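The values are calculated or read from the model by the stated rules, or taken from the named source; none is laboratory data. Everything quoted here is computed from the prediction, not taken from an experiment. Every residue, glycine among them, receives a Cβ derived from its backbone with ideal geometry; neighbour counts consider all protein chains shown. Note: areas computed on protein heavy atoms with side chains; ligands, DNA, RNA excluded. Shrake-Rupley method; radii C 1.70, N 1.55, O 1.52, S 1.80 Å.
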Protein chains: 2
Amino acid sequence: MFSWFRRRRSAPTEARRLRSREELSESAKVDLAELAPGVIPYLGLVAYLELEVYQATSRAAADAPDLVAKEILSNAAGMALNKHQEFAAEIRRRHREPAVVMQPYAAAIDRFVDRVTPANWNELLLLVYLCGGLFDDFFSQLARGVTDPFGDTAAEILSGESGRAGVATLLERAIRENPRTGDRLALWGRRLVGDSLLVARASLVLSDNEVNDEKKIEPVFTELISTHIKRMDGLGLTA
Amino acid sequence: MFSWFRRRRSAPTEARRLRSREELSESAKVDLAELAPGVIPYLGLVAYLELEVYQATSRAAADAPDLVAKEILSNAAGMALNKHQEFAAEIRRRHREPAVVMQPYAAAIDRFVDRVTPANWNELLLLVYLCGGLFDDFFSQLARGVTDPFGDTAAEILSGESGRAGVATLLERAIRENPRTGDRLALWGRRLVGDSLLVARASLVLSDNEVNDEKKIEPVFTELISTHIKRMDGLGLTA
């Protein structure tokens with residue numbers, strides 16, 4: 001499950017070659033142009049994932065122990081919902097029904113969601129923070145390769161405001177207050193990134209691409225993992 | 001619990017005199033100018049209620065049996081959240097913290113929410129439809145009496161799009177498919193309106209107004225109940 005994660009650590013040559021963010025983006029762009037799904041499957045997949053991020057964040061808002069946390073989380077939930085709605089609107093502009101276009105991805109994504117059950121509120125926060133971030137990053141990168149004028153807009157929407165900086169402050173507080181929370185969350189973070197990367201990877205397959213060429217996917221995942229590590233570091237957690 | 005509701009039915013004279021919507025609004029405006037709370041308590045109360053409407057609607061979206069219903073409900077949830085956020089933003093513009101300003105109302109409203117537990121998804125839909133509608137109506141009317149330039153904006157925000165027409169279509173379908181569902185929902189609707197009116201009434205007291213003059217409140221509640229009956233009729237339910 002953690003193979004993507006470990007590979008990055010054990011592949012210093014590849015990582016070093018791709019150190020520059022500029023270089024990495026260029027390289028990812030080239031690869032993703034080949035990997036990217038057709039635009040309708042892409043829109044359906046992203047619309048459904050953002051709906052899931054909205055729902056997980058709303059659940060966290062509902063369970064918030066105080067109104068400050070509830071504000072932060074409902075704000076982040078609203079931003080994920082806005083992203084979902086922008087994708088749903090684009091699907092409608094193409095005279096398709098969002099529910100129909102999302103349907104093929106629902107079962108696969110729900111399987112992921114059902115498997116990843118947070119044991120408590122802090123674990124739910126970390127899920128929102130890490131998975132929401134990873135999915136936004138991944139599909140925003142993928143958008144650049146979508147051969148459609150909406151590709152650039154999609155990348156902009158996904159890399160726009162997420163409200164998750166506020167979620168990070170809630171996590172930082174919990175970790176500061178209890179070091180054991182940090183230890184448990186570090187483990188949970190590893191579990192989450194492993195599973196999220198599997199979903200990201202599966203989504204390429206689901207969207208009718210033949211993605212068997214590890215070399216093409218590698219740089220994309222290398223960047224995702226690097227961003228993930230930065231998020232974990234930012235919280236003071238060992239990735 | 002159903003006294004407000006019954007009173008309307010047994011007060012045909014009052015109802016007839018107030019039949020014209022224009023007239024009713026004018027009359028309500030006069031009374032509400034006296035009843036309306038100070039603007040900060042008003043903003044906190046409405047911000048918290050809309051947050052609750054958003055949460056109930058999100059819960060309904062999470063439990064939706066299909067993606068069409070999930071779309072309709074997440075859309076309505078987003079609109080309630082937008083309303084909440086506009087009120088929270090106004091609180092911040094006045095250099096106050098939404099969490100602090102909402103706090104005094106949280107406990108009282110939570111007591112209401114905890115008491116009104118839907119037995120199933122259809123009951124949750126009816127709660128979203130009726131209570132969301134009633135609260136928007138009530139606080140939009142109350143806004144006209146708030147002695148603050150934001151009053152008009154507040155009324156506009158609250159009477160704006162709610163996405164609940166879509167929720168009504170889901171209820172209509174459920175009722176059409178099973179007449180027993182309609183019978184049970186009619187009972188539940190009566191329960192909901194009774195409790196919502198109690199919350200509306202309590203909120204006048206909570207916001208430091210001395211509202212002991214039944215004559216002043218009567219027309220406001222008469223209109224709320226009349227709109228409630230229209231909503232029930234629209235669903236084919238006996239109010």
### Query
Mind checking which residues of the stretch B:56-69 are open to solvent by 20 Å² or more (accessible area, probe 1.4 Å) and more than 9 Å from chain A (Cβ to nearest Cβ)?
B:ASP63, B:PRO65
### Query
Any idea which residue in the stretch B:38-55 is modelled with the lowest pLDDT, counting only those that are assigned to a helix (DSSP H, G or I) and either open to solvent by 10 Å² or more (accessible area, probe 1.4 Å) or of a type in the set (Val, Ile, Thr) (or both)?
B:VAL39
### Task
Return yes when B:ALA88 is on the phi < 0 side of the Ramachandran plot, surrounded by 20 or more Cβ atoms within 10 Å (Cβ to Cβ) and away from every other protein chain (no Cβ under 14 Å) and no when it is not.
no
### Task
Please go through the stretch A:44-74 and pick out each residue that is within 18 Å of the chain's Cα centre (by Cα), of a type outside the set (D, E, K, R) and within 17 Å of A:ALA168 (Cα to Cα).
A:VAL53, A:TYR54, A:ALA56, A:THR57, A:SER58, A:ALA60, A:LEU73
#### Entry: Selection status of B:ARG93, more than 14 Å from chain A (Cβ to nearest Cβ), surrounded by fewer than 21 Cβ atoms within 10 Å (Cβ to Cβ), out of contact with any helix residue (DSSP H, G or I) (no Cβ under 8 Å at 6 or more places or on another chain) and within 21 Å of B:GLY160 (Cβ to Cβ)
yes
### Message
Given (1) farther than 24 Å from B:VAL146 by Cα; (2) surrounded by fewer than 22 Cβ atoms within 10 Å (Cβ to Cβ); (3) modelled with pLDDT of 95 or more; (4) among the aliphatic types (A, V, I, L, M), identify the lone condition not met by B:MET1.
### Response
(3)
### Message
When you check A:ILE72 against the structure, is it in a helix (DSSP H, G or I), within 14 Å of chain B (Cβ to nearest Cβ), in contact (Cβ under 8 Å) with a residue 40 or more places away in the chain and surrounded by fewer than 24 Cβ atoms within 10 Å (Cβ to Cβ), yes or no?
### Response
no
### Message
Six or more apart or on different chains, Cβ atoms under 9 Å: show the pairs whose first residue is in the stretch B:100-114 and free of Cβ contacts under 8 Å to residues at least 60 places away in the same chain and within 11 Å of chain A (Cβ to nearest Cβ) and whose second is among the β-branched types (Val, Ile, Thr) and open to solvent by 50 Å² or more (accessible area, probe 1.4 Å).
### Response
B:VAL100/A:VAL68
### Task
Taking the residues in the stretch B:75-117 that are part of a loop (DSSP other than H, G, I, E, B) and β-branched (Val, Ile, Thr) as candidates, determine which candidate is modelled with the highest pLDDT.
B:THR117
